[in-house]
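In what follows, a single structure is set out as structure tokens and then discussed.
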Amino acid sequence: RQARLQNRFAVAYQAGMDEQYLRRLQIVQALPKAVREQRLQLHYQPKLATATGTVVGVEALLRWRDEHLGVVRPDEFIPLAEQTGEIYRLTQWVISAGLAQLALWHEQGHKLSLAMNLSALDLSSPSLVTELQQQAKQQGIAPAWITLEVTESAVMEDPTSAKAKLQALRELGFKIAIDDYGTGYASLAQLKQLPADELKLDRSFIQELAHSEVDQTIVQSTLALAHQLQLQTVAEGVEDQATWQVLQRLGCTTVQGFYFSRPLAAAEFEVWLKQHQQGQQA
Ligand code: C2E
Ligand code: MG
Ligand code: MG
Ligand code: MG
């Protein structure tokens with residue numbers, strides 16, 4: 001399948017395609033090798049309890065710097081990895097690298113949870129559930145420490161099959177988060193049926209929150225809905241203190257965003273965490 005795809009790219013290139021197209025072709029060609037040789041990295045962004053500021057977990061986010069392509073953002077390479085099928089190997093690597101790091105942190109006494117992003121295709125993979133179960137067991141981590149983030153639209157691509165997978169994961173004790181909530185097309189009836197533990201409000205509702213009454217109304221009613229459905233709530237994209245204060249007032253469970261920290265390499269995150277914890281004691 002990949003050969004066929006690369007062929008299509010090559011033909012298009014010969015016909016004289018633009019620079020963006022060439023870059024996409026180069027990404028498609030370089031990614032499998034980069035995954036095989038473990039040249040991608042995970043960065044970690046803290047998630048904090050809104051009321052206390054205590055760090056409760058991290059979200060793992062892929063980073064890739066290629067020697068020829070420079071920095072390639074996940075928004076750029078994830079959709080291509082989905083098109084070529086490389087996403088399966090990529091997700092496998094994210095799971096094993098993320099859980100190995102989490103095991104280290106737990107050994108060091110940092111009782112954090114780890115959130116990882118899954119794509120729509122991962123939800124169709126027959127080995128996903130056993131893969132996660134085995135990796136967690138191998139690393140000695142209870143599944144309750146692990147959250148799997150799936151977007152509303154990923155679930156809606158094949159709701160019946162996705163629901164079955166998510167249900168199976170939940171029965172094993174993994175947590176499920178609906179990522180970028182509010183940007184997809186899930187109806188309230190569908191949301192009610194999703195096997196989920198957490199709702200992550202998309203940052204498009206958060207970024208103007210402190211200044212926008214409309215966004216406050218949307219967020220307030222979404223939080224009320226989540227509460228009714230007994231879901232935890234996370235606001236992503238918190239960039240200033242005023243926004244954090246609004247979320248405290250509205251009762252959102254967890255906050256995440258540049259105001260607290262950007263996604264950081266593991267060693268940098270450890271330094272940040274220590275400083276943050278010292279600041280909290282002071
Ligand atoms: P996402 O899962 O919704 O991740 C949140 C994105 O928002 C991240 O972008 C993060 O760096 C960014 N962000 C966090 N706080 C702030 C903030 O305060 N302001 C702003 N403007 N942005 C903030 P990133 O790392 O570029 O990732 C983009 C998307 O790529 C992710 O969205 C996720 O859908 C996907 N992605 C990243 N890593 C993985 C992965 O390991 N597997 C899969 N399947 N997708 C991934
Ligand atoms: Mg996410
Ligand atoms: Mg998100
Ligand atoms: Mg997103």
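The values are calculated or read from the model by the stated rules, or taken from the named source; none is laboratory data. Here the structure is a predicted model, which means the values were calculated and not measured. When we count neighbours, we look across all protein chains shown, and the Cβ atoms used for this are built from the backbone with ideal geometry, even at glycine. For accessibility, only protein heavy atoms count, side chains too; no ligands or nucleic acids. Shrake-Rupley method; radii C 1.70, N 1.55, O 1.52, S 1.80 Å.
Just order 57-69, 221-233 by mean Cβ neighbour count inside 10 Å, highest at the front, would you?
Listed from highest to lowest mean packing, they are 57-69, 221-233.
Using unit Cβ charges (K, R positive; D, E negative) and no other charged atoms, how large, in debye to the nearest 20, is the dipole of region 51-155 about its Cα centre?
Details: 6 positive and 12 negative charges, 75 e Å.
The dipole magnitude comes to about 360 debye.
Before anything else, pin down the relative contact order of the chain: Cα pairs under 8 Å, at least 6 apart, normalised by residue count, whole percent.
With pairs under 8 Å counted, the relative contact order is 17 percent.
Starting at 0 and stepping by 5 Å, how many percent of the alpha carbon pairs of region 127-282 end up in each bin?
Result, from short to long distances: 2, 8, 16, 18, 17, 17, 13, 7, 2, 0, 0 percent.
Using the crude model of +1 on Lys and Arg Cβ and -1 on Asp and Glu Cβ, and no other charge, please compute the dipole size for the chain relative to its Cα centre, in debye to 20.
700 debye
Work out how much length Gln278 to Ala49 would gain on full extension: take 0.36 nm times their residue separation and subtract the Cα-Cα distance, in nm to one decimal.
On the way: separation 229, 0.36 × 229 = 82.44 nm, distance 1.64 nm.
Here the segment from Gln278 to Ala49 would lengthen by 80.8 nm.
Kindly express, to the nearest 10 degrees and within the range 0 to 90, the angle between helix 2-14's C-alpha long axis and the longest C-alpha principal axis of the chain.
On a 0 to 90 degree scale, this one is about 70.
If you line up the long axis of helix 19-36 against the longest principal axis of the chain, both from Cα atoms, how many degrees apart are they, to the nearest 10?
Orientation of helix 19-36: about 80 degrees from the principal axis.
Across region 136-178, what fraction of all alpha-carbon pairs, as a whole percent, falls in each successive 10 Å bin from zero upward?
Going out from 0 Å in 10 Å bins, region 136-178 shows 28, 49, 20, 2 percent.
Please list the radius of gyration and Dmax for region 34-148, considering alpha-carbon atoms only, with Å as the unit.
Rg and Dmax of region 34-148, Cα atoms, are 14.7, 45 Å.
On the full set of protein chains, 1.4 Å probe, figure out the accessible area of Glu268 and give it in Å² to the nearest 10.
100 Å²
Heads up, I need the accessible area for Asp197: 1.4 angstrom probe, whole protein in place, Å², nearest 10.
Accessible area, nearest 10 Å²: 30 Å².
Probe radius 1.4 Å, ligands and nucleic acids left out: which of Tyr88, Tyr21 has the largest accessible area, and how do the rest follow?
Tyr88, Tyr21
Short version: ³J(HN,Hα) in whole Hz for each residue of region 209-217, in order, from phi by Karplus 6.51 cos²θ - 1.76 cosθ + 1.60 (θ = phi - 60°), x for Gly and Pro, what are they?
Rounded to whole hertz, the list is 3, 5, 10, 10, 5, 4, 5, 5, 5.
Let me know the Kirkwood hydrodynamic radius for region 19-101, please, with Cα pairs as the basis and the value in Å to one decimal.
Details: mean 1/r = 0.0717 Å⁻¹.
The answer is 13.9 Å.
Order Arg23, Arg170 by their accessible area, 1.4 angstrom probe, all chains in place, largest first.
Arg170, Arg23
Carbon and sulfur together cover what percent of the accessible area of the chain at a 1.4 Å probe radius?
48 percent
So how much slack lies between Gln20 and Glu268, counting 0.36 nm per residue of separation and subtracting their Cα-Cα distance, in nm?
Roughly 86.0 nm would be gained on extension.
At q = 0.10, 0.12, 0.13, 0.14 Å⁻¹, work out log10 I(q)/I(0) for the chain with the Debye formula, treating every Cα as an identical point scatterer and leaving solvent out; two decimals please.
With one equal scatterer per Cα and no solvent, log10 I(q)/I(0) is -0.56, -0.81, -0.95, -1.09.
So if I take the centroid of the Cα atoms in region 176-220 and the same for region 78-128, what is the distance between those two points in Å?
A separation of 23 Å, based on Cα centres.
Just the accessible area per residue of the chain, please: how many Å² with a 1.4 Å probe?
With the other protein chains kept in place, the chain gives 51 Å² per residue.
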